[in-house]
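The values are calculated or read from the model by the stated rules, or taken from the named source; none is laboratory data. The model shown is predicted, which means the values in this text are computed figures rather than measured ones. Heads up, the Cβs are rebuilt from the backbone with ideal geometry, glycines too, and the neighbour counts pull from every protein chain shown.
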Amino acid sequence: MVILSAVILYTFYTLMKPAPSLPIYQPTMVDNSLVDSTVQFVKKYHKIADFELVNQNGDTITQKDYPGIYVADFFFTTCQTICPIMTEHMVQIQEKLKDDPSVKLLSHTVIPATDTVAQLKRYALEKGVNDSKWNLVTGPKKQIYELARKSYLAVKTQGDGGKYDMIHTENFMLIDSKKRIRGFYDGTDPEAIEKLLEDIAILKAIEDDENS
């Protein structure tokens, strides 16, 4: 009888327990130092802006290439500090999700003058980048920096994307299929990467439920 009661209580608790959820980040929810002043007071409807960049294969990459969930970051191929750790963690995420085409990765170079298509290709081959899952992109510096500061809310420094403007961030951002930010993670922290993988699973379940 005691066992039966325990089973009933557990079943009731399981049914009543709310499903895991993730926030939808708006600029007002993020530390002001990470938000460009032009979007600092936006309270709703914030999304990643449209973009047109070029990947390691010379192909044009736009939001149409990212119809679902993706993880974004900012890096440069010659970085010797945080970028190698971040790239290794991206490789781990790629490996964990290699059989899941619904989740992709997007890495933006922050020094496009140096990180040409040829340089990105060399880096991709060296790191084992899966072209069907992970794009390393370059393009106009101003566009990339505006994405970092005004869309991904990922960078503390201010600037205009000019010649001497430089951003450096360890942040990984989790983006949903509606181009909204659902999480920020320290790309150098193994525990944060585990949390990111857990949140990807939660986000997939949320989107599956919304689309059912």
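When the residues of the range 26-57 are narrowed to those that are at pLDDT below 95 and not in a loop (DSSP other than H, G, I, E, B), which ends up surrounded by the fewest Cβ atoms within 10 Å (Cβ to Cβ)?
Only one residue fits best here, namely S33.
What are the pairs with Cβ atoms under 6 angstrom where one residue, in the range 104-121, is closer than 16 Å to E146 by Cα and the other, located anywhere, is assigned to a strand (DSSP E or B) and among the charged types (D, E, K, R)? Sequence gap at least six, or different chains.
Going by the 6 Å Cβ cut-off, the qualifying pairs are S107/D73.
In the range 58-75, what residues are under 19 Å from L174 (Cβ atoms) and assigned to a loop (DSSP other than H, G, I, E, B)?
Initial filter on the range 58-75 (under 19 Å from L174 (Cβ atoms)): 61, 63, 65-75.
Scanning the range 58-75 gives Y66, P67, G68.
Restricting attention to the range 76-99, which residues are over 23 Å from L147 (Cα atoms), assigned to a loop (DSSP other than H, G, I, E, B) and in contact (Cβ under 8 Å) with a residue 24 or more places away in the chain?
Residues satisfying the conditions are L97, K98.
For the range 100-117, which residues satisfy the criterion of being over 18 Å from D65 (Cβ atoms) and in a helix (DSSP H, G or I)?
The answer is none; no residue qualifies.
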